[in-house]
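Enquirer: Take a look at this one; I'll ask things after.
The values are calculated or read from the model by the stated rules, or taken from the named source; none is laboratory data. Values in this document were obtained by computation on a predicted structure and should not be read as measured data. Cβ sites come from the backbone with ideal geometry, for glycine too, and all protein chains shown count toward neighbours. All accessible areas refer to the heavy atoms of the entire protein, side chains included, with ligands and DNA or RNA removed. Shrake-Rupley method; radii C 1.70, N 1.55, O 1.52, S 1.80 Å.
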Amino acid sequence: MNRLAPLFILLSKSILCFNLIISRFRCFILLMLCPITFRSLSITASFHGFPRIGRLYKDIYIGKDVSIGRHIYLLSNGGPIIIKNGVRINDYCFLTSICGIEIGQNTLIAEFVSIRDYDHDFSDLLVPISKQGFNGKSISIGENVWIGRGVCILKGVTIGDNSIIGANSTVTKDIPANTVAFGSPAKVHSARV
């Protein structure tokens with residue numbers, strides 16, 4: 001058993017190195033497409049799968065050392081999506097914008113998170129909802145924020161720096177900096193000291 005340990009260590013390091021090379025290759029392919037895909041894309045960003053990008057994609061900015069998981073959907077439908085340095089976005093997340101979404105540095109976003117800065121207008125009972133258009137407000141997520149699994153962040157929300165949003169929460173109102181919030185709708189339950 002002891003003789004095989006170095007072999008297993010070498011094998012695991014080789015697999016990690018291979019995964020890093022594949023991730024960088026995906027980033028290289030996306031960089032080649034950058035003029036038609038992203039407004040700004042750092043060479044140090046890593047993609048664990050090719051993101052699905054909506055029809056209007058010219059206003060997507062991705063900073064340095066950003067890690068984007070598998071099956072991510074990015075749709076900039078008139079509003080910019082700004083993902084700053086060091087952000088980690090896990091698998092199956094959905095970001096869509098008509099007004100603007102900004103995610104601060106070193107923010108962690110768990111899997112199945114939905115960030116949408118607009119919803120359907122439904123004010124006229126005589127017109128089908130699908131034909132009434134949208135209304136929206138921009139979303140701002142601070143630095144060093146941790147957003148738990150399955151969170152839904154809705155239009156007009158600001159989440160302060162160093163905050164934590166608990167899993168499966170629905171954020172409908174601003175969350176102050178240095179707090180822990182959870183629930184549906186999300187409410188502040190404690191301060192981070």
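Enquirer: Could you run the Karplus curve 6.51 cos²θ - 1.76 cosθ + 1.60 with θ = phi - 60° over region 134-139 and give me ³J(HN,Hα) per residue in whole Hz, x for Gly and Pro?
Expert: Per-residue couplings from phi come out as 10, 9, x, 8, 5, 10 Hz.
Enquirer: With charges only on Cβ, +1 for K and R and -1 for D and E, what is the dipole size of region 56-158 about its Cα centre, in debye, rounded to 20?
Expert: Dipole of region 56-158, to the nearest 20 debye: 140 debye.
Enquirer: Name the chymotrypsin sites (Phe, Trp or Tyr not before Pro) in region 118-154 that are in a loop by DSSP and that have at most 16 other C-beta atoms within 10 Å, would you?
Expert: F122
Enquirer: A further question on this structure: Excluding residues fewer than 8 places away in the same chain, name every one of the lysines whose C-alpha is closer than 21 Å to that of K64.
Expert: K84
Enquirer: Still on this structure, please answer the following. Nearest 5 percent is fine: what portion of the DSSP beta bridges confined to region 103-189 is antiparallel?
Expert: The antiparallel proportion sits near 25 percent.
Enquirer: Test of understanding: what is the full-extension gain from D91 to F134, defined as 0.36 nm times their sequence separation minus their Cα-Cα distance?
Expert: Between D91 and F134, full extension yields an extra 12.8 nm.
Enquirer: Right, something else. Quick one: net charge of G79's neighbours, Cβ under 9 Å, K/R +1, D/E -1?
Expert: -2
Enquirer: With all protein chains present, how much of the accessible area of region 45-193 (probe radius 1.4 Å) comes from carbon and sulfur, to the nearest whole percent?
Expert: Roughly 53 percent of what the probe reaches on region 45-193 is carbon or sulfur.
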